[in-house]
Amino acid sequence: MIKFLDLKSVNSKYESEIQRAFARVLNSGWYLLGQELSAFEAEFAKYCQVNYAIGVASGLDALKLIIKAYGFGVGDEIIVPSNTYIATVLAITDCGATPVFVEPNADTHLIEASNIERAITDKTKAIMPVHLYGRVCDMDSICDLAKENHLKVIDDAAQAHGAIYKGTRVGNLADATGFSFYPSKNLGAMGDAGAITTNDEMLANKIIALRNYGSQKRYYNKYKGLNSRIDELQAAVLRIKLAGLDEDNAARRRVAHLYNEMISSSKIILPELPKDQGEHVWHLFVVRTDRRDLLKQYLDDNGIASQVHYPIAPHKQQCYSEYNKLSMPIAEKLADEVLSLPISPVMSDQDVKRVAEVINEW
Ligand SMILES: *Cc1c(COP(=O)(O)O)cnc(C)c1O
């Protein structure tokens, strides 16, 4: 069986270092908001070439805390891709704001300034680009559009740790960026964790208070905050894995490159390649076919696991019944056609070849 993602193997490269870090944290007697988190925040900020990184409990919390810190809520509109993971939309609705769905370009799966522009109203407060599957949106045009319209750009970079756009790291492309360190992400913890990066000192200070019950000084509460932190054990794991992120991303790129070379079936649409390979970090390798369920079953029958990211667009989810009647034909078509093939930093060339051969025989 070729697994979709073998997290044990991904982490085994770091095993002895992680064991030592666990012992270090255990013996420190300090388990929250300590040295490991401060060190990780400094290291992640440096990696992203940005002034502030703030560790929080999850990717969803990261996005939610940014929106909350900006004070966006009831009556405010936030623009979001129609084909994103549900968490991007949950962050908006949790704050009481209104998501305005924008269709992606079907080839890149990403939203673009031209479509975003048409969705801007006098209630729009922010644009939330999602660097879906590890590919960066065209941020120059999106940020120009935001500037012209006095909007904030809030990046969802949960799938794009380490990706680069025109020489700049994701994390330093927007007013604020939310990351997830869910175990399967390119930079994954051994549990839930997330982070916010920004160059905005006031925003950073507010988020530092908000993640800690809204308190800057113990037992004095300036804001109605949350409890949303990265614990010391997860921070210690993330420090170790951050040091290997570029190497892990390069290994993913290699898998993607091999797939692109070897899959020749005319029944499959391969992911479009950005001109600069360095930009893409291949969180997922997503192909398309109008017979997706048949292909998935066929791969299963041949001992190859695959997944669908995502089978139902957010506006069609049961929890968003108020948007179920919206028509988002591109997102809906993609939801019916996308299939993610196995990809990871530890996938062997032999397994990649096997997947490609089986697909070519379909
Ligand atoms: C994983 C993910 C999130 C949510 O992150 P969690 O840490 O699981 O809360 C948000 N947006 C996107 C695009 C994601 O892939």
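The values are calculated or read from the model by the stated rules, or taken from the named source; none is laboratory data. Computed from a predicted structure; not experimentally measured. We place every Cβ from the backbone using ideal geometry, glycine too, and count neighbours over all the protein chains shown. Ligands, DNA and RNA are stripped out before the accessible areas are found, and what is left, the full protein with its side chains, is counted by its heavy atoms. Shrake-Rupley method; radii C 1.70, N 1.55, O 1.52, S 1.80 Å.
Within region 85-109, restricting attention to residues that are away from the ligand (no atom under 12 Å from the Cβ) and open to solvent by less than 10 Å² (accessible area, probe 1.4 Å), which residue is farthest from E332 (Cα to Cα)?
Our first condition is that a residue be away from the ligand (no atom under 12 Å from the Cβ); within region 85-109, this holds for 93, 95-108.
Those still in the list that are open to solvent by less than 10 Å² (accessible area, probe 1.4 Å) too: 97, 99, 102, 104.
Numbers: A97: 23, P99: 17, V102: 12, P104: 11 Å.
So, considering only residues that are away from the ligand (no atom under 12 Å from the Cβ) and open to solvent by less than 10 Å² (accessible area, probe 1.4 Å), the one farthest from E332 (Cα to Cα) is A97.
Please go through (1) part of a loop (DSSP other than H, G, I, E, B); (2) more than 24 Å from V346 (Cα to Cα); (3) polar (S, T, N, Q) for Q159 and return the number of the only condition it doesn't satisfy.
Status for Q159: all satisfied but (2).
So S215 clears everything in (1) surrounded by fewer than 21 Cβ atoms within 10 Å (Cβ to Cβ); (2) under 21 Å from the mean Cα position of the chain (by Cα) except one condition, right? Which one?
Unmet condition: (2).
Across region 164-195, what is the total count of residues that are away from the ligand (no atom under 15 Å from the Cβ) and either among the hydroxyl-bearing types (S, T, Y) or not in a loop (DSSP other than H, G, I, E, B) (or both)?
Of the residues in that region, 4 qualify.
Could you tell me which numbered condition G171 fails, if it satisfies all but one of (1) open to solvent by 70 Å² or more (accessible area, probe 1.4 Å); (2) in contact with a helix residue (DSSP H, G or I) (Cβ under 9 Å, 6 or more places away or on another chain); (3) on the phi > 0 side of the Ramachandran plot?
For G171, the exception is condition (1).
Which of the numbered conditions does S82 fail, given that it passes all the others? Conditions: (1) open to solvent by 10 Å² or more (accessible area, probe 1.4 Å); (2) touching a helix residue (DSSP H, G or I) at 6+ places or on another chain (Cβ under 9 Å); (3) of a type in the set (S, T, Y).
It is condition (1) that S82 fails.
Taking P329, is it closer than 23 Å to D293 by Cβ and open to solvent by 50 Å² or more (accessible area, probe 1.4 Å)?
Yes: the conditions hold for P329.
Sort through I54, I66 and tell me the only one that's touching a strand residue (DSSP E or B) at 6+ places or on another chain (Cβ under 9 Å), open to solvent by less than 40 Å² (accessible area, probe 1.4 Å) and not in a helix (DSSP H, G or I).
On the way: I66 fails: not in a helix (DSSP H, G or I).
Exactly one residue qualifies, and that residue is I54.
Pull out all pairs, ordered by first then second residue, where Cβ-Cβ is under 8 Å, the residues are six or more apart or on different chains, the first lies in region 174-198 and is without any contact (Cβ under 8 Å) to a residue 60 or more places away in the chain and farther than 14 Å from Y70 by Cα, and the second is near the ligand (Cβ under 9 Å from one of its atoms) and of a type in the set (S, T, Y).
Going by the 8 Å Cβ cut-off, the qualifying pairs are A189/Y182.
Which condition does T198 not pass, out of (1) hydroxyl-bearing (S, T, Y); (2) more than 15 Å from the ligand (Cβ to nearest atom); (3) open to solvent by 10 Å² or more (accessible area, probe 1.4 Å), if it passes all the others?
Here T198 clears every test but (3).
Any idea which of (1) among the hydroxyl-bearing types (S, T, Y); (2) farther than 26 Å from M262 by Cβ; (3) surrounded by fewer than 17 Cβ atoms within 10 Å (Cβ to Cβ) is the one Y298 doesn't satisfy?
Evaluating Y298 over (1) among the hydroxyl-bearing types (S, T, Y); (2) farther than 26 Å from M262 by Cβ; (3) surrounded by fewer than 17 Cβ atoms within 10 Å (Cβ to Cβ) leaves (2) as the failure.
Would you call D231 away from the ligand (no atom under 16 Å from the Cβ), open to solvent by 50 Å² or more (accessible area, probe 1.4 Å) and either touching a residue at least 24 places away in the same chain (Cβ under 8 Å) or basic (K, R) (or both)? Break it down into steps so the answer makes sense when it comes.
On the way: away from the ligand (no atom under 16 Å from the Cβ): no; open to solvent by 50 Å² or more (accessible area, probe 1.4 Å): yes; either touching a residue at least 24 places away in the same chain (Cβ under 8 Å) or basic (K, R) (or both): yes.
Taking the combined requirement at face value, the residue does not satisfy it.
Restricted to region 306-326, and to residues that are over 24 Å from S340 (Cα atoms) and hydroxyl-bearing (S, T, Y), which residue is most open to solvent (accessible area, probe 1.4 Å)?
As a first pass, look at region 306-326 and keep what is over 24 Å from S340 (Cα atoms): 319-326.
Filter again for hydroxyl-bearing (S, T, Y), leaving 320-321, 323.
Numbers: Y320: 10, S321: 77, Y323: 41 Å².
Top of the filtered list is S321.
What are the residue pairs meeting all of these: first residue in region 51-68, first residue within 15 Å of A87 (Cβ to Cβ), second residue within 12 Å of the ligand (Cβ to nearest atom) and charged (D, E, K, R), Cβ atoms under 7 Å, and 6 or more apart or on different chains?
Listed by first residue and then by second, the contacts come to A57/D192; S58/D192; L63/D156; K64/D94.
Scan (1) touching a strand residue (DSSP E or B) at 6+ places or on another chain (Cβ under 9 Å); (2) touching a residue at least 40 places away in the same chain (Cβ under 8 Å); (3) surrounded by fewer than 24 Cβ atoms within 10 Å (Cβ to Cβ) for the single condition A42 breaks and write down its number.
(2)
Would you check which residues across region 204-224 are in a helix (DSSP H, G or I), in contact (Cβ under 8 Å) with a residue 24 or more places away in the chain and farther than 18 Å from A157 by Cα and list them?
Keep residues of region 204-224 that are in a helix (DSSP H, G or I), which gives 204-210.
Subset that is in contact (Cβ under 8 Å) with a residue 24 or more places away in the chain: 204, 206-208, 210.
Passing the criteria: K206, I208, L210.
Could you list, ordered by first residue, the pairs with Cβ atoms under 9 Å in which the first is in region 75-95 and at positive phi and the second is more than 14 Å from the ligand (Cβ to nearest atom), at least 6 apart or interchain?
G75/G96; G75/A97; G75/T98; G75/K123
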